[in-house]
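The values are calculated or read from the model by the stated rules, or taken from the named source; none is laboratory data. Not measured: the values here are computed from a predicted model. Neighbour counts are summed over all protein chains in view; Cβ atoms, including those assigned to glycine, are modelled from backbone coordinates with ideal geometry. Just the protein is used for accessible areas: all its heavy atoms, side chains included, with ligands, DNA and RNA removed. Shrake-Rupley method; radii C 1.70, N 1.55, O 1.52, S 1.80 Å.
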Amino acid sequence: MKIKFEYDEEFFKEMEDRLKTKLDRKRIKSILEDIGDMGVDMLAEATPVDTGTTAESWQYEIEEESDSASQLNFFNENEVDGMNIAMLLQYGHGTRNGGYVPGEDYINPVLSDLAEELRDAVMEEVEI
């Protein structure tokens with residue numbers, strides 16, 4: 001049994017041109033900035049609070065590659081004795097007296113929601 005796939009070369013060329021013009025680098029950066037701002041707020045809200053320092057320490061950066069997609073990175077700079085507090089809260093940690101504080105998965109649900117927001121924003125932008 002043979003399966004043959006034929007396509008209209010002109011259709012794909014037209015779609016590629018539309019995607020290139022509709023989703024230019026400036027618009028991609030703008031979308032990533034919006035998602036970055038939203039992510040910082042969502043991560044701060046989701047962060048377990050003791051002093052509030054970790055929740056207030058979320059930031060993002062956009063890495064722009066020359067001819068590939070940009071990358072959105074979130075980070076938290078709150079450290080004590082070289083240990084990143086956001087990661088200790090996420091994964092758990094030992095205590096000085098030999099105890100253990102279990103982690104709380106608060107980062108992954110936020111990133112999952114942000115991925116959906118990003119997908120929706122890009123799809124809206126390239127809607128043909």
* Structure fact -> Treating every alpha carbon of segment 28-128 as one equal point scatterer without solvent, the Debye formula yields log10 I(q)/I(0) values at q = 0.22, 0.25 Å⁻¹ of -1.15, -1.35
* Quickly work out the Thr53-to-Glu124 label distance, labels modelled 7 Å from Cα along the C-beta direction, and quote it in nm with one decimal. => 3.8
* Would you calculate the separation in nanometres between label points at Arg96 and Glu61, each defined as 7 Å from the Cα along the Cα-to-beta-carbon direction? => 3.2
* Structure fact -> In nm, the gap between the two label points placed 7 Å beyond Cα toward Cβ at Glu33 and Ser70 is 0.8
* **Accessible area of segment 31-128 divided out per residue, in Å², using a probe of 1.4 angstrom** => 65
